[in-house]
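Have a look at the structure below before the remarks.
Please treat every number below as a calculation from the coordinates, not as lab data. Everything numeric in this text was worked out from a predicted model, so none of it was measured. Every residue, glycine among them, receives a Cβ derived from its backbone with ideal geometry; neighbour counts consider all protein chains shown.
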Amino acid sequence: MGLSTLDETAIISLSGLKVGDEINVPGDEISNALKEAWSQGIIGDVKVMVTKIEGDDIFAFRLD
């Protein structure tokens, strides 16, 4: 089973994060989300990629 069988909403849900959550970068939220996703046993490799930055704000990121 690979990421191609899970949609983005399912991956985000497994992470414990929700769209619109405010997180600190750097911070524990991303590390905790990755650990939570990995603990489910169905995701082996995850990348967090920033898609937009304005000043000190990150408006979107993607879990791949």
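Working from label points 7 Å from Cα in the Cα-to-Cβ sense, the S13 to E36 distance is 1.4 nm. Straight-distance candidates among the aspartates and glutamates for linking to K52, with alpha-carbon spacing under 14 Å and chain neighbours fewer than 8 residues away dropped, are absent.
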